[in-house]
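The values are calculated or read from the model by the stated rules, or taken from the named source; none is laboratory data. None of these values were measured; they are calculated from a predicted model. Don't worry about glycine lacking a Cβ; one is built from the backbone with ideal geometry, like all the others, and counts go over all protein chains shown. We work out accessible area using only protein heavy atoms, side chains counted, and drop any ligands, DNA or RNA first. Shrake-Rupley method; radii C 1.70, N 1.55, O 1.52, S 1.80 Å.
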Amino acid sequence: PEPSVLERLERARVVPVVVVDDATQGLGVARALDDGGLPVAEVTFRTSGARAAIEAITAECPGMLVGAGTVVSPRQVDEAVTAGASFLVSPGLSEAVVRAAQEAGVPILPGVATASDIMAALDLGITTVKLFPAGVVGGPGAIKALSGPFGQVRFVPTGGVSAANLPEYLGLPSVLAVGGSWMVDKTLVAAGDLAEITRRTAQAVSLAAG
Ligand code: 3PG
């Protein structure tokens, strides 16, 4: 059978958080990520160009797993899914957003920072969550502590992840994948330095492979 989206994210182990202004920038970044060995992009709804970028990458890069990030309203769920997003990521946990994603049949990683957030996610039938902002809420130590009471939960820590701490996060059995923007730093996108995006991506892929 075809792997599920969460299985594909688990195989990739790294989810690049992408902030781009338009479709052209989005395509350039997507190809740079793919060239680095990581055909995954979480395009964030922080710019007016996010939707067009998701549409363009979905159309031009068929092997790429494209998701939408920073999805904070049911309306954005619909926009992202219409644009072609295969998964959704949110910085926090909104019941309305999660339900809209579930109605659309698209997996969502809601953000959690506390045990109460995780309990709210479990109530909604969600067992894979983004831990955000991972570095601020305790990093790998927080994941170890939360995995005690919540042994069934898989985490995608995001926020402050870098090449330096990626191995420590990915070494935890409850970590499905890590997310982060360091490979696609905004200064690189602005400068059009796709070669450096590819270099950082290949480095992340290599670190993730252990
Ligand atoms: C996110 O949207 O998840 C964060 O902006 C990513 O955090 P980072 O920039 O620290 O990687």
Worksheet item: When the accessible area of the chain is computed with all protein chains present and a 1.4 Å probe, what percentage of it is carbon and sulfur?
Response: 53
Worksheet item: If you add up the charges near Ser73, with Lys and Arg at +1 and Asp and Glu at -1, over every other residue whose beta carbon is less than 15 angstrom from its beta carbon, what do you get?
Response: 0
Worksheet entry | Calculated Rg and Dmax of the chain using C-alpha coordinates, Å | 15.8, 45
Worksheet entry | Probe 1.4 Å, accessible area per residue of region 59-140, Å² | 40
Item to complete: Can you tell me the FRET efficiency between Thr82 and Leu172 if r is taken as the Cβ-Cβ distance and R0 is 35 Å, rounded to the nearest 0.05?
Response: 0.50
Discussion item. Counting C-alpha atoms alone, how compact is region 1-104: give Rg to one decimal and Dmax as a whole number, in angstrom.
Written reply: 12.8, 37
Worksheet, complete the sentence: The farthest towards the positive end of the charge dipole of the chain, of the residues Ile118, Val29, Thr58, given +1 on Cβ of Lys and Arg and -1 on Cβ of Asp and Glu, is Ile118
Practice prompt. Find the relative contact order for region 110-210 and round it to a whole percent, using C-alpha pairs within less than 8 Å whose residues are 6+ positions apart.
Written response: 22
Worksheet, complete the sentence: For Val175, other-chain or 5+-apart residues with amide H closer than 5 Å (H placed, Pro excluded) are Phe155
Worksheet item: Can you list residues whose amide H is under 5 Å from Lys130's amide H, if they're 5+ apart or on another chain and H is modeled 1.01 Å from N?
Response: Gly111, Val112, Val156
Fill in: Selected from Val19, Ala209, Ala41, residue furthest toward positive end of dipole (the chain; charges at beta carbon)
Ala209
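So for region 96-210, Kirkwood radius off the Cα pairs, Stokes-Einstein at 25 °C and 0.890 mPa s: how many µm² s⁻¹?
162
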Discussion item. What FRET efficiency comes out for Asp21 versus Thr114 if R0 is 30 angstrom and r is the Cβ-Cβ distance? Round to the nearest 0.05.
Written reply: 0.35
